[in-house]
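Peer 1: If you scroll down you'll find the structure; I have some questions about it.
The values are calculated or read from the model by the stated rules, or taken from the named source; none is laboratory data. Because the structure is predicted, anything quoted here is derived from the model rather than measured. Here the Cβ positions follow ideal geometry from the backbone for every residue, glycine too, while neighbour counts run over all protein chains shown.
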Amino acid sequence: MSKPETDRFDVVVVGGGNAGFSAVHSAVEQGAKVLLLEKAPEDAAGGNSFYTAGAFRFAFDGLTDVADLLEPDERHADSVVPAYPESAFEDDMRRVTDGKCDPVLTKILVSRSADAVRWLAGKGIQWRLMYERQAYLSDGKWVFSGGLFVGTVDGGKGLIAQHTKAALEEGVEIRYDAEVTALHLSDAAERGVTYRDSGGAEHRIRARAVVLSAGGFESDPERRAEHLGEGWDRALVRGTPTNTGDVLDLALAAGAAPHGDWGSCHSVAWDADGSPTGGNRELTNQLTRQSYPIGIVVNIEGERFVDEGADFRNYTYAKYGREILRQPQGRAFQLFDAKTRPLLRKEEYDSRPIAGAQADSLAELAEELGIDVDGLRRTVAEFNASIVDEPFDPAVKDGRAAQVQPPKSNWAQALDTAPYYGYAVGCGITFTFGGVHVDESAQVLDTEGQPIDGLYAAGEMVGGLFSGNYPGGSGLTSGAVFGRLAGAGAAKPVGNG
Ligand SMILES: Cc1cc2nc3c(=O)[nH]c(=O)nc-3n(C[C@H](O)[C@H](O)[C@H](O)COP(=O)(O)OP(=O)(O)OC[C@H]3O[C@@H](n4cnc5c(N)ncnc54)[C@H](O)[C@@H]3O)c2cc1C
């Protein structure tokens, strides 16, 4: 092992995703000399944040409130963008987590969400309305729904490129291939971290404060099986292979209190041929299959198992991955016909390669996809016969239900018009919900509820916000809100004392 090298900084940030970069910008604002350590090599950096659609959920008063933030688009004049007040965001958090979100952390997330987006804009992050993902054309108007409307220009790739550019312009040093392997917290004069470089050499960094933003344990099959339970070692990994939970373990070993729901995670319908070890940096989020609310989803026996139309997609997609994992072979199939196929998200369903098939009859489709033909025939006949007579409108909860078991509460369309389309999906894990406990300034708390000197956390590492489910677009906002707080808190002794 090489002789440890010593470097001194005011703040060291561990993990270069959206949360880490937010902490970086914030610490720099306070006058701190900042080092960002990122485990991945430069060409694989950006964490899960790189793979995202760049969708940010935040409270605002409608299009005029955010128009100055958005890149120009001639469709703005024909867009219906409902206001999304803080109360609605907070209600959504409580509703989708069954009341299990930490009220203190939720309040911080919600009340600081709008300001965080504006603050990021000031750092060079660019914004747009996400027509292709969050709106349907209805009577000549682009109608947005589901509380999530604004995303970054060029999605997660753009977000990370813009963050990195800003950090370098701020004079921040970024070291890639730098895997943090130890935290040193007990002695203030010796505070800092040790990291290992790609050649295996260890380096010692001293800093007045450490910000942990190194993601959850979603990419580690063993930790998944341990915390999430049976079968989760077989999930497909949507994002970075580097979020393996080792920094969470270091934090717990240093006395941090675990917080939130360590037994559940964000997981979605994901192309069945996706990799079990990590996402695709070219296609990133295009391997998601999120247009199921306008189709039906069956397992290999041809049986439905969820209410595809229970709510807007943004409130169901993150919990349906685990339902797919529970099915025989951990597989399911999203089915559409000639009527609904044009409504599917182009970036996901026109993306190639794709695990799917097209056929002129349902029986042929079932055979091609390996679904039980008789089972599917029974399911579709029963489903088609049970649809209530309400007009179909994907832009609102239209009440066009299928009264079967399980029901389909909205957007039920008979599957009856050739050609038929089927897409094979598995369970793609996004990120884990358990983390460490932080206070209102993102400082990590110990098991006695006391702040640990010089230790902050942000992003996926913060536990307590989500459980069982999640309102789409909240992860990036959480990273920005808590990253900003963590960076400011960590830098405090440097600037404002
Ligand atoms: C395909 C996909 C699409 C998504 N779409 C959205 C979306 O549109 N909107 C949304 O809000 N959320 C989305 N999410 C969730 C979102 O990615 C996360 O909530 C968010 O990016 C987490 O940010 P973070 O900074 O905490 O973690 P990350 O961005 O994952 O960053 C963590 C970093 O820590 C590094 N690291 C890990 N261990 C170490 C170590 N030992 N030493 C140094 N560095 C380490 C990792 O390499 C990684 O770069 C999506 C996720 C995926 C996978």
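Peer 1: Within segment 87-96, is there a residue that is crowded, with 17+ Cβ neighbours inside 10 Å, of a type in the set (A, V, I, L, M) and within 15 Å of the ligand (Cβ to nearest atom)? Explain how you work it out, then say what you get.
Peer 2: Of the residues in segment 87-96, the ones crowded, with 17+ Cβ neighbours inside 10 Å are 89-90, 92-93, 96.
Still in the list and also of a type in the set (A, V, I, L, M): 93, 96.
The next check asks that each one be within 15 Å of the ligand (Cβ to nearest atom); those that pass are 93, 96.
Checked segment 87-96: at least one residue is crowded, with 17+ Cβ neighbours inside 10 Å, of a type in the set (A, V, I, L, M) and within 15 Å of the ligand (Cβ to nearest atom).
Peer 1: Of Glu218, Glu230, which residue is surrounded by 15 or more Cβ atoms within 10 Å (Cβ to Cβ) and assigned to a loop (DSSP other than H, G, I, E, B)?
Peer 2: When all the criteria are applied, what remains is Glu218.
Peer 1: Something else: Taking the conditions exactly as written (of a type in the set (Gly, Ala, Ser) and touching a residue at least 24 places away in the same chain (Cβ under 8 Å)), does Ser22 satisfy them or not?
Peer 2: So Ser22 passes the test.
Peer 1: Between Tyr470, Tyr456, which is buried (at least 24 other Cβ atoms within 10 Å of the Cβ), of a type in the set (Phe, Trp, Tyr), assigned by TED's automatic domain parsing to the domain that holds His163 and within 14 Å of the chain's Cα centre (by Cα)?
Peer 2: Being buried (at least 24 other Cβ atoms within 10 Å of the Cβ), of a type in the set (Phe, Trp, Tyr), assigned by TED's automatic domain parsing to the domain that holds His163 and within 14 Å of the chain's Cα centre (by Cα) holds for just one of Tyr470, Tyr456, which is Tyr470.
Peer 1: Looking at segment 331-370, which of the residues that are among the hydrophobic types (A, V, I, L, M, F, W, C) and out of contact with any strand residue (DSSP E or B) (no Cβ under 6 Å at 6 or more places or on another chain) is farthest from Val268 (Cα to Cα)?
Peer 2: Within segment 331-370, the subset among the hydrophobic types (A, V, I, L, M, F, W, C) is 332-333, 335-336, 338, 343-344, 354-355, 357, 359, 362-363, 365-366, 369.
Within this subset, residues satisfying the condition of being out of contact with any strand residue (DSSP E or B) (no Cβ under 6 Å at 6 or more places or on another chain) are 338, 343-344, 354, 363, 366.
On the way: Ala338: 25, Leu343: 20, Leu344: 16, Ile354: 16, Ala363: 27, Ala366: 22 Å.
This residue is Ala363.
Peer 1: For segment 256-277, name all the residues that are closer than 16 Å to Gly321 by Cα, within 14 Å of the ligand (Cβ to nearest atom) and of a type in the set (Gly, Ala, Ser).
Peer 2: Ser267, Ala269, Gly274, Ser275
Peer 1: Moving on to the next point. Can you name the helices (runs of 4 or more DSSP H) wholly within segment 290-378 that have at least 1 residues being within 18 Å of Pro407 (Cα to Cα)?
Peer 2: 317-325
Peer 1: So which of Phe60, Phe50 is over 28 Å from Thr240 (Cα atoms), touching a residue at least 12 places away in the same chain (Cβ under 8 Å) and within 16 Å of the ligand (Cβ to nearest atom)?
Peer 2: Phe60
Peer 1: Filter segment 233-252 down to the residues that are within 6 Å of the ligand (Cβ to nearest atom) and of a type in the set (Ser, Thr, Tyr), then identify the one that is nearest to Arg331 (Cα to Cα). Walk me through it before giving the result.
Peer 2: Filtering segment 233-252 for residues within 6 Å of the ligand (Cβ to nearest atom) gives 238-240, 242-243, 246-247.
When the remaining residues are screened for being of a type in the set (Ser, Thr, Tyr), the result is 240, 242.
On the way: Thr240: 22, Thr242: 25 Å.
The selected residue is Thr240.
Each row is one residue, and each column tells you yes or no for (1) over 14 Å from the mean Cα position of the chain (by Cα); (2) within 16 Å of the ligand (Cβ to nearest atom); (3) in a helix (DSSP H, G or I).
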| residue | (1), (2), (3) |
| --- | --- |
| Leu415 | yes, no, no |
| Ala424 | yes, no, no |
| Glu440 | yes, no, no |
| Gly464 | yes, yes, no |
| Phe482 | yes, yes, yes |
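Peer 1: Follow-up question, since we're still on this one. Taking segment 34-45 only, how many residues are surrounded by fewer than 18 Cβ atoms within 10 Å (Cβ to Cβ) and closer than 11 Å to Ala490 by Cα?
Peer 2: 0
Peer 1: Which condition number in (1) surrounded by 16 or more Cβ atoms within 10 Å (Cβ to Cβ); (2) assigned to a loop (DSSP other than H, G, I, E, B) is the one that Pro391 fails?
Peer 2: Among (1) surrounded by 16 or more Cβ atoms within 10 Å (Cβ to Cβ); (2) assigned to a loop (DSSP other than H, G, I, E, B), the lone unmet condition for Pro391 is (1).
Peer 1: Tell me yes or no: at least one residue of segment 154-162 is outside any loop (DSSP other than H, G, I, E, B), touching a strand residue (DSSP E or B) at 6+ places or on another chain (Cβ under 7 Å) and hydrophobic (A, V, I, L, M, F, W, C).
Peer 2: yes
Peer 1: Quick check on Leu120: is it more than 20 Å from Asn314 (Cβ to Cβ), within 16 Å of the ligand (Cβ to nearest atom) and out of contact with any His (no Cβ under 7 Å at 6 or more places or on another chain)? Break it down into steps so the answer makes sense when it comes.
Peer 2: Values: more than 20 Å from Asn314 (Cβ to Cβ): yes; within 16 Å of the ligand (Cβ to nearest atom): yes; out of contact with any His (no Cβ under 7 Å at 6 or more places or on another chain): yes.
Criteria met by Leu120.
Peer 1: Starting from residues that are among the polar types (S, T, N, Q) and surrounded by fewer than 17 Cβ atoms within 10 Å (Cβ to Cβ), keep the ones in segment 137-192 and report whichever is modelled with the highest pLDDT.
Peer 2: Filtering first and then ranking leaves Thr181.
Peer 1: Tally up the residues in segment 308-330 that are in contact with a strand residue (DSSP E or B) (Cβ under 6 Å, 6 or more places away or on another chain) and either of a type in the set (Lys, Arg) or farther than 21 Å from Leu369 by Cα (or both), please.
Peer 2: Of the residues in segment 308-330, 5 are in contact with a strand residue (DSSP E or B) (Cβ under 6 Å, 6 or more places away or on another chain) and either of a type in the set (Lys, Arg) or farther than 21 Å from Leu369 by Cα (or both).
Peer 1: Give the residue, chosen from Ile429, Ile452, that is under 24 Å from Met130 (Cβ atoms), in contact with a strand residue (DSSP E or B) (Cβ under 7 Å, 6 or more places away or on another chain) and either within 16 Å of the ligand (Cβ to nearest atom) or touching a residue at least 60 places away in the same chain (Cβ under 8 Å) (or both).
Peer 2: Ile429
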